[in-house]
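A short worksheet on the structure shown next.
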Amino acid sequence: MSGQPQPTVGLFVTCLVDAIRPQIGFAAIQLLEEAGCRVEVPEAQTCCGQPAFNSGDDRDTARLARQTIAAFEGFDHVVLPSGSCAATMVHGWPELLAGDPDWAARAKAFAAKTHEITSFLVDVLGYAPSGRRLAASATYHDSCSGLRELGVAAQPRALLAHVEALEMRGLPGNDVCCGFGGTFCVKYSDISNAIVTEKAEAIEGTGADLLLAGDLGCLMNMAGKLHRRGAKTRCFHAIEVLAGRADGPAIGEEA
Amino acid sequence: MNVALPPFKERARAALADRTLKLAIDRTTGTAEAKRAAAVAAFPEFDAARARGRAIKDHVIANLGHYLEMFERNATASGAHVHWAVDDAEARAIVTRLCLDAKAKVVTRSKSMLGEEIGLPHALADAGIERVETDLAEHIIQLAGETPSHIIWPAMHRTREQVAELFNASHQPPPEADDPATMVQSARRVLREKFLGADVGISGANFLVADTGATCTVTNEGNAELTTTPPRVHIVTAGIEKIVPSTAHAMALLRILVRSATGGELTQYTTFHCGPKRPGDADGPEEMHIVLVDNGRTKMLAGEFREMLRCIRCGACMNHCVVYRQIGGHAYGGTYPGPMGSVLTPVLDGLAAARDLPNACTMNGRCAEVCPVGIPIPTLLRAWRRRSWRERLEPGALRAGIGLWAQVAYRPALYRLASRIGVRALRAFGRDGWIGSLPLAGGWTAYRDLPRPSGRTFMEQYRDQQKGRK
């Protein structure tokens with residue numbers, strides 16, 4: 001990066017990481033700093049608004065969107081450890097604010113600099129981790145929003161390929177929804193359960209030690225089901241492995 | 001329609017409990033998914049064909065009146081009679097009157113979802129006319145007294161073992177064995193007598209060809225030809241969005257329709273019906289009637305669901321839908337199930353009756369990914385959710401919950417405080433790393449454990465770290 005100014009990144013940690021698993025946020029900061037960014041975590045962040053957006057409540061979503069754009073638009077880049085929240089900002093917000101003359105252009109410009117973290121590391125920064133080692137087998141689930149709305153598929157796999165001794169195993173139906181769907185999983189819990197049961201069976205079938213994914217919502221759904229079923233699979237956000245932070249407790253484990 | 005059905009969640013629960021249904025769904029959708037993938041992989045031009053299909057449909061939708069009038073002119077010139085129906089009631093009335101005018105005692109019908117949409121089976125029964133379904137799967141559900149559960153495989157909810165039982169009880173004489181080939185032979189024998197004795201044959205149309213006035217049916221069983229040719233009168237019922245400018249355009253759409261529906265390259269039978277029997281023709285109906293049905297379509301044309309008019313009824317969206325693959329078609333409660341049905345049913349049955357359908361979706365986007373005409377189904381489902389929220393059809397508890405959450409989410413400082421309290425409170429419910437039961441979150445904990453929060457939020461820990469750095 002010599003000669004070039006250090007890119008500034010506003011990290012949006014997401015509401016789930018903030019409440020349930022802070023170490024994903026610290027893994028994100030570590031990776032972004034290793035990749036040469038100056039990372040800040042603005043105070044004026046709460047949630048991307050998906051609970052409201054997916055319930056049809058556009059007014060509340062738009063208000064949250066405007067507030068978050070104002071707090072983050074000064075950074076060179078906005079990065080999230082979630083394809084789902086990133087997709088809401090990249091596609092949902094510009095659509096929502098398209099008719100608002102004061103905000104349409106700002107929402108578009110904001111969307112253009114907003115990224116899911118693994119795609120940002122690979123596609124924008126050309127980063128690859130070095131010196132990471134994890135002697136384990138792992139399988140990877142593609143979370144839907146990141147995969148289909150942002151094209152996140154090759155990037156996390158490319159990064160994970162740099163982790164020494166990590167054996168990646170294919171997951172049958174890796175691109176099939178886990179049944180989380182945000183509020184869907186509680187509104188239609190019977191259907192969600194049937195979907196995540198099939199997902200858990202597929203994960204267990206790989207015999208992998210670890211399940212990795214790029215969205216904490218999906219991970220909580222799958223980890224919670226695997227644990228209820230008595231499976232031994234341990235679940236981590238992919239960036240925890242990439243940051244060398246998967247030597248401690250997995251999701252749902254305590255030190 | 002379907003006013004007597006139990007609520008969606010109850011229907012879904014009943015479907016989830018039916019393991020035979022699940023077996024039947026997995027067999028059919030699993031095969032369909034694999035065959036479609038192979039067909040697309042073997043057709044390098046698929047993306048180009050898809051773009052062309054979408055462009056054809058968009059062009060037709062933008063010029064619908066022009067092409068419908070062209071179709072009417074050319075169909076009339078070919079000797080067919082064209083009828084216009086504003087809604088399902090008018091369509092039923094027209095078809096029933098045509099059957100009664102023809103003094104029909106028996107009508108044969110080849111599979112048509114539009115016919116289901118307008119409630120034709122009931123209307124014919126009410127008029128005292130015997131209806132014979134000639135599509136094998138429609139024959140199965142007619143024997144069972146059911147409605148289609150899939151737009152391509154109407155009887156996909158029944159396993160072949162269940163069909164064998166049904167045929168043994170209904171066919172006279174019963175089939176000699178219960179392998180698929182013998183059962184098909186038995187149905188063929190039963191249906192063949194009916195084909196030849198029918199007074200009227202009713203078909204749908206996969207395409208209405210504007211520049212020739214022909215209607216096109218595609219099948220894999222040949223039943224449409226036997227339905228439309230021997231009877232004295234042939235009635236076509238079709239939605240107005242089925243129009244294409246020319247035969248070449250119909251063939252362009254057929255390439256993506258068949259691959260998306262069954263994974264085949266072409267249907268076994270692709271027939272263009274152009275007017276009644278002419279002097280010198282060896283066969284064909286003496287009268288041909290075409291009933292063009294609006295039933296909400298022009299309303300869609302003018303509104304935010306316009307893109308749904310591109311739909312060519314291939315069924316790929318439901319074959320690839322995680323929800324459909326768990327609950328099957330009947331639980332949706334409308335004529336059209338799955339993702340495309342969740343967009344259409346609120347149009348047809350009203351949002352108040354169908355508000356669950358656009359909500360019972362994880363928004364995973366796979367339906368849009370496989371749609372051969374690029375319909376942004378999740379975006380359209382979200383449009384219904386938006387309308388449902390605006391019209392206050394969503395449950396009060398949800399509205400209150402989202403409202404309260406939003407009030408806190410607007411205020412970062414308050415949100416920080418609430419989440420700090422929240423994660424500490426949550427910890428109290430768990431043991432080890434997991435929460436097995438949580439008040440107000442039964443939807444989650446009934447089926448899965450909830451990871452116990454670490455006790456301090458990211459923001460708290462981060463601020464401490466930042467202070468330490470200074």
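Tell me which residues, restricted to segment A:179-214, are touching a strand residue (DSSP E or B) at 6+ places or on another chain (Cβ under 8 Å) and either of a type in the set (A, V, I, L, M) or under 21 Å from B:Gly365 (Cβ atoms) (or both). Within segment A:179-214, A:Ile203, A:Ala208, A:Leu210, A:Leu211, A:Leu212, A:Ala213, A:Gly214 meet the criteria.
Among the residues here, B:Ser419 qualifies as touching a residue at least 12 places away in the same chain (Cβ under 8 Å), at the interface with another protein chain (Cβ under 9 Å from one of its Cβ atoms), among the hydroxyl-bearing types (Ser, Thr, Tyr) and farther than 28 Å from B:Arg355 by Cα. Exactly one residue out of A:Lys108, A:Lys113 is charged (D, E, K, R), under 19 Å from the mean Cα position of the chain (by Cα) and more than 10 Å from every other protein chain (Cβ to nearest Cβ): that is A:Lys113. Between B:Leu404, B:Leu344, B:Leu381, B:Leu357, the distinction of being under 23 Å from A:Ala65 (Cα atoms), within 16 Å of the chain's Cα centre (by Cα) and either surrounded by 23 or more Cβ atoms within 10 Å (Cβ to Cβ) or of a type in the set (A, V, I, L, M, F, W, C) (or both) belongs to B:Leu381 only. Need pairs with beta-carbon distance below 8 Å; first residue within 14 Å of chain B (Cβ to nearest Cβ) and within segment A:155-177, second acidic (Asp, Glu); sequence gap 6+ or separate chains. So the pair list comes out as A:Gly173/A:Glu198; A:Asn174/A:Asp142; A:Asp175/A:Asp142.
Within segment A:107-147, the residues that satisfy the criterion of being assigned to a loop (DSSP other than H, G, I, E, B) and under 21 Å from A:Trp93 (Cα atoms) are A:Lys113, A:Ser143.
Does segment A:217-235 hold any residues that are part of a helix (DSSP H, G or I) and either modelled with pLDDT under 95 or at the interface with chain B (Cβ under 9 Å from one of its Cβ atoms) (or both), and which are they?
A:Leu219, A:Met220, A:Asn221, A:Met222, A:Ala223, A:Gly224, A:Lys225, A:Leu226, A:His227, A:Arg228
Put simply, of B:Leu398, B:Leu404, B:Leu414 the only residue that is facing chain A (nearest Cβ under 8 Å), of a type in the set (A, V, I, L, M) and over 22 Å from A:Met222 (Cα atoms) is B:Leu398.
The residue pairs whose first member lies in segment A:56-69 and is more than 7 Å from every other protein chain (Cβ to nearest Cβ), whose second member is small (Gly, Ala, Ser) and surrounded by fewer than 22 Cβ atoms within 10 Å (Cβ to Cβ), and whose beta carbons are closer than 9 Å, counting only pairs six or more residues apart or on different chains, are A:Arg59/B:Ala406; A:Thr61/B:Ala406; A:Thr68/A:Ala44; A:Ile69/A:Ala109. Of the numbered criteria (1) more than 12 Å from chain B (Cβ to nearest Cβ); (2) within 29 Å of B:Asn319 (Cα to Cα); (3) surrounded by 18 or more Cβ atoms within 10 Å (Cβ to Cβ), the one A:Val241 fails is (2).
Each residue in segment B:424-436 was checked for being out of contact with any strand residue (DSSP E or B) (no Cβ under 9 Å at 6 or more places or on another chain) and more than 9 Å from chain A (Cβ to nearest Cβ), and 4 of them qualify.
Checking the structure you have, find out if any residue of segment A:233-249 is at positive phi and either out of contact with any helix residue (DSSP H, G or I) (no Cβ under 7 Å at 6 or more places or on another chain) or without any contact (Cβ under 8 Å) to a residue 12 or more places away in the chain (or both). Checked against the condition, which is being at positive phi and either out of contact with any helix residue (DSSP H, G or I) (no Cβ under 7 Å at 6 or more places or on another chain) or without any contact (Cβ under 8 Å) to a residue 12 or more places away in the chain (or both), segment A:233-249 yields at least one hit. For segment B:346-353, the count of residues that are farther than 13 Å from B:Tyr324 by Cβ, in contact with a Pro (Cβ under 6 Å, 6 or more places away or on another chain) and not polar (S, T, N, Q) is zero.
Mind listing whichever residues of segment B:37-66 are part of a helix (DSSP H, G or I) and farther than 22 Å from B:His249 by Cβ?
Hits for segment B:37-66 are B:Ala37, B:Ala38, B:Ala41.
State all residues of segment A:1-23 that are buried (at least 24 other Cβ atoms within 10 Å of the Cβ) and either more than 10 Å from chain B (Cβ to nearest Cβ) or assigned to a loop (DSSP other than H, G, I, E, B) (or both); if no residue qualifies, say none. Within segment A:1-23, A:Val9, A:Phe12, A:Val13, A:Thr14, A:Ile20, A:Arg21 meet the criteria. A residue that is surrounded by 21 or more Cβ atoms within 10 Å (Cβ to Cβ), part of a loop (DSSP other than H, G, I, E, B) and within 14 Å of another protein chain (Cβ to nearest Cβ) occurs nowhere in segment A:24-39.
Inside segment B:442-457, residues that are more than 7 Å from chain A (Cβ to nearest Cβ) and of a type in the set (A, V, I, L, M) make up a count of 0.
Say whether the condition of being within 30 Å of B:His157 (Cα to Cα) and in a loop (DSSP other than H, G, I, E, B) is met by at least one residue in segment B:8-24.
Checked segment B:8-24: at least one residue is within 30 Å of B:His157 (Cα to Cα) and in a loop (DSSP other than H, G, I, E, B).
The values are calculated or read from the model by the stated rules, or taken from the named source; none is laboratory data. Nothing here was measured: the structure is a model prediction, and the numbers come from that model. Please note: Cβ atoms are built from the backbone with ideal geometry, for glycine as well, and neighbour counts cover all protein chains shown.
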